[in-house]
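Peer 1: What follows is a structure written as structure tokens; I'll ask about it next.
The values are calculated or read from the model by the stated rules, or taken from the named source; none is laboratory data. No experiment lies behind these values; they were computed from the predicted model shown. FYI the Cβ positions are ideal-geometry reconstructions off the backbone, even for glycines, and counts take in every protein chain you see. In case anyone asks, the SASA skips ligands and DNA or RNA and just uses the protein heavy atoms, side chains included. Shrake-Rupley method; radii C 1.70, N 1.55, O 1.52, S 1.80 Å.
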Amino acid sequence: MDSERNPVMGRPRTMNPQKVLDLAMTEYWHSDVTEVSVNAICKKAEISKPSLYREFGSEDGLMRAALDQYLEDILPKVFNIFAEDVDLKNTMAALIEYACDHPTTEYGCLFYKMHAARHRVGPQTRERVEEMVALSRTSFAELLESRRQAGDWNSTMSSELAARYLVDQIGFALMQRASGEDPEGIRETLNLALSAIDGPRA
């Protein structure tokens, strides 16, 4: 915890790291990642930049911590879809529903936003993004292989290639959602895109 004096009121102010982290996560998530400044976060949190840097080390450290917080809060919602023992078509339908209609995707996905901006963020954040890309692709590949073994995915496509394609298509849909495009239009496009993996839907 860090105490500092408010230059206006002259009262000691205590920094709440979790509050700052939640605020930073929301700012990055609901905006263009690279347009959110440390100064703006400090102003909204009513703290000084030195106190933020003492807690998180740097802007890059704050951004990575915000991404980790987002992943801790949101990622289980996606992996819960994989945990359901249903056929591939229903799993794909659940992913489409999540991308197009879930309240947490109204502003898109912070992970995909940082992935899109990975060449413009710091090394700590970029490393974490690359780890998550690899994890996402591995998780989707394992899902596809499990459905192949269950007999409801009969494609000759490799699970690794299909997983890469799936991660990219879901990411594109979430970026469209963040830009305010019509969810029904996103749903139609995503349905068509994912039919390359599991066949057309009724």
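Peer 1: Just checking, which of F111, F79 is modelled with pLDDT under 90 and under 23 Å from Y165 (Cβ atoms)? Break it down stepwise before answering.
Peer 2: On the way: F111 fails: modelled with pLDDT under 90.
On inspection, the qualifying residue turns out to be F79.
Peer 1: Further, regarding this structure: Which one is surrounded by the fewest Cβ atoms within 10 Å (Cβ to Cβ), of the residues in region 79-92 that are free of Cβ contacts under 8 Å to residues at least 60 places away in the same chain and not in a helix (DSSP H, G or I)? Spell out the reasoning first.
Peer 2: Of region 79-92, the ones free of Cβ contacts under 8 Å to residues at least 60 places away in the same chain are 80-81, 83-86, 90-91.
From the residues that got through so far, the ones that are not in a helix (DSSP H, G or I) too are 84-86.
Numbers: E84: 10, D85: 8, V86: 14.
Ranking the qualifying residues of region 79-92, first place goes to D85.
Peer 1: Report yes if some residue within region 56-70 is over 24 Å from T14 (Cβ atoms), outside any helix (DSSP H, G or I) and open to solvent by less than 70 Å² (accessible area, probe 1.4 Å); otherwise report no.
Peer 2: no
Peer 1: Could you tell me which of the residues R164, R118 is of a type in the set (K, R), farther than 20 Å from S31 by Cβ and either open to solvent by 30 Å² or more (accessible area, probe 1.4 Å) or without any contact (Cβ under 8 Å) to a residue 60 or more places away in the chain (or both)?
Peer 2: Exactly one residue qualifies, and that residue is R164.
Peer 1: Same structure again: Restricting the search to region 10-55, which residues are among the β-branched types (V, I, T) and either open to solvent by less than 50 Å² (accessible area, probe 1.4 Å) or without any contact (Cβ under 8 Å) to a residue 24 or more places away in the chain (or both)?
Peer 2: T14, V20, T26, V33, V36, V38, I41, I47
Peer 1: Can you say whether T156 is free of Cβ contacts under 8 Å to residues at least 40 places away in the same chain, part of a loop (DSSP other than H, G, I, E, B) and of a type in the set (V, I, T), as far as the supplied structure shows? If you could, list the steps in order and put the result at the bottom.
Peer 2: On the way: free of Cβ contacts under 8 Å to residues at least 40 places away in the same chain: yes; part of a loop (DSSP other than H, G, I, E, B): yes; of a type in the set (V, I, T): yes.
Considered against the rule, which asks whether it is free of Cβ contacts under 8 Å to residues at least 40 places away in the same chain, part of a loop (DSSP other than H, G, I, E, B) and of a type in the set (V, I, T), T156 comes out as yes.
Peer 1: Please determine whether any residue of region 122-136 is in a loop (DSSP other than H, G, I, E, B), modelled with pLDDT of 95 or more and in contact with a helix residue (DSSP H, G or I) (Cβ under 6 Å, 6 or more places away or on another chain).
Peer 2: For region 122-136, residues in a loop (DSSP other than H, G, I, E, B), modelled with pLDDT of 95 or more and in contact with a helix residue (DSSP H, G or I) (Cβ under 6 Å, 6 or more places away or on another chain): present.
Peer 1: Can you find even one residue in region 183-202 that is open to solvent by 60 Å² or more (accessible area, probe 1.4 Å), small (G, A, S) and without any contact (Cβ under 8 Å) to a residue 24 or more places away in the chain?
Peer 2: The answer is yes, given that some residue of region 183-202 is open to solvent by 60 Å² or more (accessible area, probe 1.4 Å), small (G, A, S) and without any contact (Cβ under 8 Å) to a residue 24 or more places away in the chain.
Peer 1: Is it the case that some residue within region 88-97 is among the charged types (D, E, K, R) and at pLDDT below 90?
Peer 2: Within region 88-97, the subset among the charged types (D, E, K, R) is 89, 97.
Then drop every residue that is not at pLDDT below 90, which leaves 89.
The answer is yes, given that some residue of region 88-97 is among the charged types (D, E, K, R) and at pLDDT below 90.
Peer 1: Right, something else. For region 93-106, give me each residue that is touching a residue at least 40 places away in the same chain (Cβ under 8 Å) and more than 10 Å from the chain's Cα centre (by Cα).
Peer 2: Answer for region 93-106, where residues must be touching a residue at least 40 places away in the same chain (Cβ under 8 Å) and more than 10 Å from the chain's Cα centre (by Cα): A93, L95, I96, A99, C100, D101, E106.
Peer 1: Separate question: Criterion first (closer than 30 Å to G57 by Cβ, hydroxyl-bearing (S, T, Y) and buried (at least 20 other Cβ atoms within 10 Å of the Cβ)) does Y107 satisfy it?
Peer 2: no
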